[in-house]
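Beneath this line is the structure, given in structure tokens, with notes to follow.
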């Protein structure tokens, strides 16, 4: 397990905790509106994914740059990496693929196979979750009769999906793929 995956395991707990808190508040006698917890849970789950992708990329690139660290070439590449990562947010399948393809010439999304998921379905599901995260972060449910943006089971499935996605991504060995090509 990479350091990035270990950090992800800690970060995803925030989303899991929010889901558990939603369940507790839903059955509580105190009248509250716990719906914001589900929206926050979706945002936190995808923030954990974003952090994982950046950390995983950093772990890989550090190894690749070891020989040129401190040299003009190494400094140039590091500046480019820093700029690219500053602009790397909402890591949908296309952005994630492009980041790893640009630096390592591998399609990391090709490794997104686990349980009943295959790469095309995993890419589509991730892209839908990234879109839903944007909605959850930028839209409040202000109409009492309007259905809630994030349903409980959707959040639970999203967390499970992202955890599987991280496991699949973490099992992808970039150096092995480069040697095959």
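The values are calculated or read from the model by the stated rules, or taken from the named source; none is laboratory data. What you see is a predicted model, and the numbers here were worked out from it, not measured in a lab. Because the Cβ atoms are built from the backbone with ideal geometry, glycine has one as well, and the counts that use them run over all protein chains shown.
Annotations
- Check on residue 59, touching a residue at least 24 places away in the same chain (Cβ under 8 Å) and surrounded by fewer than 16 Cβ atoms within 10 Å (Cβ to Cβ): yes
- Residues in segment 158-181 that are assigned to a helix (DSSP H, G or I), modelled with pLDDT under 95 and surrounded by fewer than 15 Cβ atoms within 10 Å (Cβ to Cβ): 171, 175, 176, 178, 179, 180.
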